[in-house]
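Working notes, structure below.
The values are calculated or read from the model by the stated rules, or taken from the named source; none is laboratory data. No experiment lies behind these values; they were computed from the predicted model shown. Every residue, glycine as well, gets a Cβ built from its backbone with ideal geometry; the counts of neighbours run over all protein chains shown. What goes into the accessible areas is simple: the full protein's heavy atoms, side chains included, and nothing from ligands, DNA or RNA. Shrake-Rupley method; radii C 1.70, N 1.55, O 1.52, S 1.80 Å.
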Amino acid sequence: GAVVSQHPSRVICKSGTSVKIECRSLDFQATTMFWYRQFPKQSLMLMATSNEGSKATYEQGVEKDKFLINHASLTLSTLTVTSAHPEDSSFYICSAIKQGKVTEAFFGQGTRLTVV
Amino acid sequence: GENVEQHPSTLSVQEGDSAVIKCTYSDSASNYFPWYKQELGKRPQLIIDIRSNVGEKKDQRIAVTLNKTAKHFSLHITETQPEDSAVYFCAASTRQAGTALIFGKGTTLSVSS
């Protein structure tokens with residue numbers, strides 16, 4: 001299957017700082033990637049759709065100025081959590097769609113963000 | 001937009017028993033329904049999926065059924081084993097380019113030996 005790599009896997013940052021999370025499709029091109037957030041014992045909640053070469057589309061209730069998404073190439077999307085606060089602590093996970101005979105979503109390993 | 005409901009939230013079975021998890025969706029345009037297994041701190045793993053032109057699909061001990069008219073689909077695990085213990089998520093999408101998967105709230109399955 002296709003590989004989606006996400007880094008870092010874990011990050012601890014101080015309140016008020018910014019954190020960048022990278023999502024790469026290693027062996028296929030992804031014009032669209034998705035960012036999800038998962039709080040403990042909860043489901044994956046879609047935050048935004050990242051489109052290569054254009055602005056991301058954010059879900060209702062997700063602050064676009066706080067969660068900056070950049071999809072500068074067909075293999076890389078980044079999520080920057082700006083001015084992080086403890087309530088932003090969560091598991092962030094990206095997904096990329098591989099188009100083909102069988103279309104399937106592939107997930108990154110996830111990033112455990114802890115804001116202290 | 002799409003809304004996916006999943007039940008039950010927790011399910012405890014004895015090893016060897018069957019487990020059934022049910023989901024309903026709201027968007028009649030949805031045509032792709034995957035099921036994921038997620039272990040703590042790990043990424044979701046696709047275990048089986050079904051497309052709307054198929055009513056049932058089976059892969060060894062796992063099967064999925066789809067009722068498009070009623071807009072619900074179910075995961076069936078037979079002969080459960082302790083290693084089946086995990087959180088299971090259903091999802092739905094229109095499977096068009098640029099369309100995200102919308103997930104149910106998850107079911108924590110515990111299989112005791």
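Per-structure values
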read-out	value
Members of segment B:28-51 found to be more than 14 Å from the chain's Cα centre (by Cα), surrounded by fewer than 17 Cβ atoms within 10 Å (Cβ to Cβ) and within 14 Å of chain A (Cβ to nearest Cβ), listed by number	B:Glu39, B:Leu40, B:Gly41, B:Lys42
Within segment A:33-42, considering residues that are among the aromatic types (Phe, Trp, Tyr) and not in a loop (DSSP other than H, G, I, E, B), the one nearest to B:Phe103 (Cα to Cα)	A:Tyr36
Count of residues meeting criterion [in contact with a Ser or Thr (Cβ under 9 Å, 6 or more places away or on another chain) and open to solvent by 70 Å² or more (accessible area, probe 1.4 Å)] in segment A:64-84	4
Criterion (open to solvent by less than 10 Å² (accessible area, probe 1.4 Å) and hydroxyl-bearing (Ser, Thr, Tyr)) met by exactly one of B:Thr94, B:Thr99, B:Thr107	B:Thr107
Matching residues in segment B:93-108 - criterion: being at pLDDT 95 or above and more than 17 Å from B:Lys42 (Cα to Cα)	B:Gly104
Residue within segment A:3-12 that is in a loop (DSSP other than H, G, I, E, B), more than 11 Å from every other protein chain (Cβ to nearest Cβ) and among the small types (Gly, Ala, Ser) present	no
Search result, residues across segment A:75-112 that are within 13 Å of chain B (Cβ to nearest Cβ) and aliphatic (A, V, I, L, M)	A:Ile93, A:Ala96, A:Ile97, A:Val102, A:Ala105
Segment A:28-47 residues that are free of Cβ contacts under 8 Å to residues at least 24 places away in the same chain and under 15 Å from B:Arg43 (Cβ atoms), paired with ones that are open to solvent by less than 50 Å² (accessible area, probe 1.4 Å) and outside any strand (DSSP E or B) (beta carbon under 7 Å, 6 or more apart)	A:Ser43/B:Gly104; A:Ser43/B:Gly106
Scan of segment A:53-76 for residues that are in contact with a strand residue (DSSP E or B) (Cβ under 7 Å, 6 or more places away or on another chain) and closer than 25 Å to B:Tyr36 by Cβ, ordered by number	A:Ala56, A:Thr57, A:Tyr58, A:Glu59, A:Val62, A:Phe67, A:Ile69, A:His71, A:Thr75, A:Leu76
Qualifying residue in segment B:73-86 (condition: within 14 Å of chain A (Cβ to nearest Cβ) and farther than 17 Å from A:Glu59 by Cα)	yes
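Residues checked against (1) among the polar types (S, T, N, Q); (2) free of Cβ contacts under 8 Å to residues at least 24 places away in the same chain; (3) in contact with a helix residue (DSSP H, G or I) (Cβ under 7 Å, 6 or more places away or on another chain):
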site: B:Ser30; (1), (2), (3): yes, no, no
site: B:Tyr36; (1), (2), (3): no, no, no
site: B:Gln45; (1), (2), (3): yes, yes, no
site: B:Asp49; (1), (2), (3): no, yes, no
site: B:Asp59; (1), (2), (3): no, yes, no
site: B:Thr65; (1), (2), (3): yes, yes, no
site: B:Phe73; (1), (2), (3): no, no, no
site: B:Thr80; (1), (2), (3): yes, no, no
